[in-house]
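**Student:** Take a look at the following structure, please.
The values are calculated or read from the model by the stated rules, or taken from the named source; none is laboratory data. Note that the coordinates shown come from a computational prediction; the quantities given were computed from them, not determined experimentally. Here the Cβ is made from the backbone with ideal geometry for all residues, glycine too, and neighbour counts use every protein chain on show. Accessible surface areas use protein heavy atoms only, side chains included; no ligands, DNA or RNA. Shrake-Rupley method; radii C 1.70, N 1.55, O 1.52, S 1.80 Å.
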Amino acid sequence: MDLGLNGKKALVLGASRGIGKAIALELAREGVEPVLCARQDAALEAAADDIRKETGARVHFKSCDLTLGTDRENLIKSVNEQVGAVDILILNTGGPKPSSAMDTRLEEWEIGFHQLFQMIVHLNQAFVPKMVEKKWGRIICVTSLSVIEPIANLAISNAMRSAVTAMLKTLSDELAPHQITVNCLAPGAIATERLEELMEARISKTAQSKEEYLKHYLAAIPMARMGNPEEFAAMAAFLCSQKASYVTGSTISIDGGKRRSTY
Ligand code: NAD
């Protein structure tokens, strides 16, 4: 299937590893020229090299701490210099600190807001105007199954990602007349370093062995396995494609059937 993406330019956030890197790779396979963003140059350089080797694509990168406004301004300038207008914006970053609603301090809520919400508003405002001029654009936000079912001890994720989803739904209405789509992808359990770290932290607080924990964890997933980042990235690439031009304002869960609600 030709996704019609050859020659498009993408900014992929949180792209040094995990889901973000897999999306950048899949887009590069489709002929997209990506700019990768994460905090550290060395990790970005390694990820860009991997993608170039596998696809032969032109791959750029710019380090940026997405929680910092000044860093984001530098990112916007650099992306404009490197590729000009961005056709595809992949909104993704690291997950927030785990904590319960009561134990999350006010300062931590504020950090969570900057990390997950404010940076999205800032980057949308920077890159959407050129999409509007071109009458074409794709915005995809990596959220979490927590927007559908809150996850215990991930209070910041549960709250901020739900707010992000509502804000992006509003934006999808505003941008639909310009043929720009805005969608969210909600991962269930995708086997990345982040998930591994979360699991190790949870196991360390229980008397369970890793095997016992995994058995219980996978029992809640109808497919009885975790997804891999490539399976996630395939859906992201499709949503970016010309073929997905009538899908907007949606949240699609990629979770092996884990979500319990019908819709
Ligand atoms: P990950 O931690 O493996 O990758 C996150 C990426 O974001 C990395 O490239 C990291 O360097 C970058 N990053 C982190 N903080 C940043 C910052 N301040 N500025 C710039 N870049 C930053 O995570 P992942 O497993 O690939 O997940 C991606 C997102 O999806 C995360 O927000 C995660 O919480 C969420 N999520 C993942 C799963 C899963 O099963 N993997 C499930 C639900 C939600």
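**Student:** Using a Cα-Cα cut-off of under 20 Å, which aspartates and glutamates could be cross-linked to Lys130, ignoring same-chain neighbours fewer than 8 residues away?
**Tutor:** Correct list for Lys130: Glu33, Glu73, Glu81, Asp87, Asp173, Glu174.
**Student:** Quote the charge dipole size of the chain about the Cα centre in Debye, to the nearest 20; the model charges only the Cβ of Lys and Arg (+1) and of Asp and Glu (-1).
**Tutor:** Using only the charged Cβ atoms, the result is roughly 440 debye.
**Student:** Keeping the other protein chains in place, figure out the carbon and sulfur percent of the accessible area of the chain, with a 1.4 Å probe.
**Tutor:** On the chain, the fraction of accessible area on carbon and sulfur atoms equals 54 percent.
**Student:** Across every pair of different alpha-carbon atoms, what Kirkwood hydrodynamic radius in Å does region 164-263 reach?
**Tutor:** By the Kirkwood definition, the hydrodynamic radius is 15.6 Å.
**Student:** In addition: Take the Cα atoms of region 169-228, find their three principal axes, and give me the spread along each one in whole Å, biggest first.
**Tutor:** Each principal axis gives a Cα extent; for region 169-228 these are 54, 23, 17 Å.
**Student:** Over all pairs of distinct alpha carbons, what does the Kirkwood formula give as the hydrodynamic radius of the chain, in Å?
**Tutor:** Across the chain, the inverse of the average 1/r is 18.8 Å.
**Student:** Follow-up question, since we're still on this one. Of Lys9/Lys97; Lys8/Lys77; Lys9/Lys243; Lys62/Lys210; Lys210/Lys258; Lys53/Lys215, which sit over 26 Å apart, Cα to Cα?
**Tutor:** From Lys9/Lys97; Lys8/Lys77; Lys9/Lys243; Lys62/Lys210; Lys210/Lys258; Lys53/Lys215, over 26 Å: Lys9/Lys97; Lys62/Lys210; Lys53/Lys215.
**Student:** Any idea what the relative contact order of the chain is, in percent, if you count C-alpha pairs under 8 Å spaced at least 6 apart?
**Tutor:** Computed over the chain, the figure is 21 percent.
**Student:** Label Asn74 and Ser250 with points 7 Å out from Cα along Cα→Cβ: what is the distance between them in nm?
**Tutor:** 3.9 nm
**Student:** On to the next question. Find the accessible area per residue for region 76-161; the probe is 1.4 Å, ligands and nucleic acids are left out, and the unit is Å².
**Tutor:** 43 Å²
**Student:** Run the simple label-point estimate for Lys169 and Ile111 please: 7 Å along Cα→C-beta, distance reported in nm.
**Tutor:** Inter-label distance under the simple model: 3.0 nm.
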